[in-house]
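To start, the structure under review is shown below, and the notes come after it.
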Amino acid sequence: MEKSIISEGKTTNEAIENGLKKLNVSKNMVDIKVLESEEKRSFFSILTPRVVKVELTLKEKSKNNENYAQSKIKKEIILSEQEQEKAEQNLNSFIKELSDELPEQVQYKIEKTENFIKVSLTNKNLGYLIGYRGETLYALQNILTAIAGKGINNKVRVILDIEGYKERREKTLEDLAEKIAKTVVRTKKSITLEPMQAYERKIIHSKLQENDKVETTSIGEEPHRKIVVSLKKNK
């Protein structure tokens, strides 16, 4: 990975964003030096295109570890059968109590695997547990994760789905990815999507992974991390 690059843009912010995309890092991982300010414009240059130049240099911790981003990748956890059983018991106890506060005839299903526990809730009146773009669902998923891991040394990963929301959301995001890719190819301009959950960003990345015309990168810090879709180089 390059340690320092010069980036250009019509404004300082645009120049910085362009540089961050090239380095595939977030803003707090670089030192920024403005080489040519947008304010330094004479009367004779007023009709010429505005160009701001900045120099982005990777900070020391990034220089020492070019695979810095990869260090954040979580190691896959394997749950023993005993741990799976314990997690299921924990979840059963909690969800049975939770059901008393939910609409009647709510059904739930717990599926155990060595990598995660999947919990599915079904009832047509559970929309409020999903929330805007799944915010409430993910909050509840975090609670279930904490409950499932009680008395277990390994961290238990819980995947919660309510009324098939995640399957529908996945289809929506895949359609969005294709639409954005076509727009990027047509306009030859990068598009930055709004912040998404890590699970949703993974869907976008996976959908466009085999696309030979565009590429995807993630920028920013949680919970505001987002995807940038741009043309592949030499395309």
Rounded to 0.05, the calculated FRET efficiency for the beta carbons of Glu167 and Asp100 at R₀ = 25 Å is 0.35
Got a sec? Which residues in segment 207-235 would a label at Glu178 touch, if it sits 7 Å along Cα→Cβ and we count backbone N under 16 Å? 207-214
Quick one: compute the contact order of segment 86-184, relative version, from alpha carbon pairs under 8 angstrom and 6+ residues apart, as a percent. 30
Reachable aspartates and glutamates from Lys3, Cα under 16 Å, same-chain residues fewer than 8 places away excluded? Asp31, Glu55, Glu60, Glu66
Exceeding the 29 Å Cα-Cα cut-off - candidates Lys171/Lys226; Lys188/Lys226; Lys59/Lys226; Lys202/Lys233; Lys118/Lys182; Lys59/Lys213: Lys118/Lys182; Lys59/Lys213
So how far apart, in nm, are the two label points at Lys233 and Asn153 if each is 7 Å from Cα heading toward Cβ? 4.6
Fully extended contour minus Cα-Cα distance, from Tyr128 to His224, at 0.36 nm per residue: 32.3 nm
How much length, in nm to one decimal, is gained on full extension between Asn24 and Ala198, taken as 0.36 nm per residue of separation minus their Cα-Cα distance? 61.0 nm
I'd like the FRET efficiency for Ile191 and Ile6, computed as 1/(1 + (r/R0)^6) with the beta carbon distance as r and R0 of 30 Å, rounded to 0.05. 0.80
Angle between the Cα long axis of helix 198-208 and the longest principal axis of the chain, 0 to 90 degrees, nearest 10? 60
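Throughout, read-outs are computed from the coordinates displayed, never taken from laboratory work. These numbers were taken from a predicted model, which means no experiment stands behind them. Here the Cβ is made from the backbone with ideal geometry for all residues, glycine too, and neighbour counts use every protein chain on show.
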